[in-house]
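The values are calculated or read from the model by the stated rules, or taken from the named source; none is laboratory data. As the structure is a computational prediction, the values presented were derived from the model and not from experiment. Because the Cβ atoms are built from the backbone with ideal geometry, glycine has one as well, and the counts that use them run over all protein chains shown.
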Amino acid sequence: MQAIKNNKFYGNSLIFLAGSAVGGLGSYIFNFLMARMLGVEGYGELQSVLALVAILGIPLATLSTVIVKSVAGFTAQNEQGKIAYLLVGLSKKIFLTGAIFFILFLIIKNWLSGFLNLTSVVPLIVLALVMLVSLLSSVNNAFLQGLQKFKQFSIASSLSVLVKILLGYYFVKFGFYVSGAVGAVALSGMAGYVLAWLPLKFLFSYKNNGERRFITSQDMPVMRQYLMPVFFTFFFMTWLMNIDIILAKHFFDPADAGQYAALAVIGHIIFFVIGPLVAVMFPMSVAAHTNQGDHGKILKNSAGIALIAGAMATAIYFLLPGLIVKIIVGSQFLAMAPYLGWFGLAMLFYSLVYLISQYLLAINQTKFVWLLAGIGVLQLVLILIWHASIGQLVWIMAGVMGLCLILLIIYYIYARKKDNFSHRAGV
């Protein structure tokens, strides 16, 4: 315990993991309830809509990462005034952007409903509201992460999950079905926005004291150059994790689509276990890189913990697939239990790819994006050719993720030898 207390990375990881454990348990309870209350086909619709949220949220994830990196850099240089300016300016622009997106999404809702074979367009209308709320909530969360306020971030996330559970249960119980479940996600995002705003109020003191400073002309080119590599990184990482669910809903009958959606939800738990490590690693790596510290050690610590935790979870998936399926989503989804271990392995590979890619972004290494692009195209082509069964999609996911991890490790070794970036801050 003393070693953890004295090590900032381990201390922050422990705080973030504790909050994520609460959030993960809450998400488990939400899926536990929705799978039983909506049934196989309804649950498949819900997960396809949420997968669409992830893909449409790629620009949002891009912006969040740029915010985290910028705020972490300003914090390392003790420039809180710039952080205050960035928060106020972005909040106004994000609200306007979200409103425009809301209108555009309503225009294409009928086409999306037909592609996903949904029984109603109402969940997509609610989805547009989810995206509007998510834009605002994610900006605040990104500032908390960049400021390394992991305790406040964890509290806000945990409470918003509680709101999602309660509203989801009652909305579905009162007959709103899939629309009610999606609506609960939207309102929980609004709760998260308010809760994350409170720890950021201190930034306004810089404005009141005349200490709020503008982002300089030297800051903007760096932020803009970083924007596109981050966008494409998140585009292909989100694509790799969600396009299979959307295409399964398009190609499979409703029952098989529901089975695959449940399989993906359980498999993604491995990623959500490892994800908090990445959230802690990224701003700390940025700060170490900015101050010419040993950011390579941060990657090693993160990768070691991620590999151990992910391997243990994957082993359990192989050993007790039926029991896990019954506990999380119910016996009506047992048809997909034989594939759980292999899908869990795919998610372990994906999680390590995500971790390494985020580290590379933190230290301004961006050429690996082309590798992710090639893997994303390969995944799409393979699924378009082979989509006759759940098994085919699982094998494609495991093979593609494993290949991506191998190639990314090779890239990391090559780039490290070439640029020696683990031993100096300059890139």
Inset, instruction - Please state which of the following conditions S351 fails to meet, knowing it meets all the rest: (1) in contact with a helix residue (DSSP H, G or I) (Cβ under 8 Å, 6 or more places away or on another chain); (2) within 17 Å of A264 (Cβ to Cβ); (3) free of Cβ contacts under 8 Å to residues at least 60 places away in the same chain; (4) polar (S, T, N, Q). - result: (3)
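Being closer than 20 Å to S91 by Cβ and surrounded by fewer than 22 Cβ atoms within 10 Å (Cβ to Cβ) is the requirement here; does A191 meet it? Outline the logic, then answer.
On the way: closer than 20 Å to S91 by Cβ: yes; surrounded by fewer than 22 Cβ atoms within 10 Å (Cβ to Cβ): yes.
Criteria met by A191.
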Inset, instruction - Looking for whichever is buried (at least 19 other Cβ atoms within 10 Å of the Cβ), farther than 19 Å from W239 by Cβ, out of contact with any Lys or Arg (no Cβ under 6 Å at 6 or more places or on another chain) and at pLDDT 70 or above here; the options are I107, I67. Which one fits? - result: I67
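Answer yes or no as to whether L384 is at negative phi and at pLDDT 85 or above.
Judged against the criteria, L384 is a match.
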Legend entry - Considering residues of the stretch 242-253 that are within 20 Å of the chain's Cα centre (by Cα) and surrounded by fewer than 24 Cβ atoms within 10 Å (Cβ to Cβ) only, the residue nearest to S351 (Cα to Cα): N242
Inset, instruction - Filter the stretch 326-351 for residues that are among the aliphatic types (A, V, I, L, M) and surrounded by fewer than 23 Cβ atoms within 10 Å (Cβ to Cβ) and give the result. - result: I327, I328, L334, A335, A337
Inset, instruction - Mind listing whichever residues of the stretch 207-230 are at pLDDT 55 or above and surrounded by 18 or more Cβ atoms within 10 Å (Cβ to Cβ)? - result: Y226, P229, V230
Legend entry - Qualifying residue in the stretch 245-255 (condition: farther than 29 Å from T65 by Cβ, without any contact (Cβ under 8 Å) to a residue 12 or more places away in the chain, in contact with a helix residue (DSSP H, G or I) (Cβ under 8 Å, 6 or more places away or on another chain) and assigned to a helix (DSSP H, G or I)): no
Inset, instruction - Please go through the stretch 71-126 and pick out each residue that is touching a residue at least 24 places away in the same chain (Cβ under 8 Å) and not in a helix (DSSP H, G or I). - result: Q77, E79, L116, N117, L118, T119, S120
Legend entry - Entirely in the stretch 279-367, the helices (runs of 4 or more DSSP H) that have 1 or more residues that are small (G, A, S) and within 23 Å of the chain's Cα centre (by Cα): 295-319, 340-362
Inset, instruction - Taking Q148 as meeting all but one of (1) assigned to a helix (DSSP H, G or I); (2) closer than 29 Å to F282 by Cα, write down the number of the exception. - result: (1)
Inset, instruction - Restricting attention to the stretch 369-386, report how many residues are exposed (fewer than 14 other Cβ atoms within 10 Å of the Cβ) and in contact with a helix residue (DSSP H, G or I) (Cβ under 7 Å, 6 or more places away or on another chain). - result: 1
Legend entry - Qualifying positions in the stretch 132-171 - buried (at least 23 other Cβ atoms within 10 Å of the Cβ) and under 15 Å from L38 (Cα atoms): G168
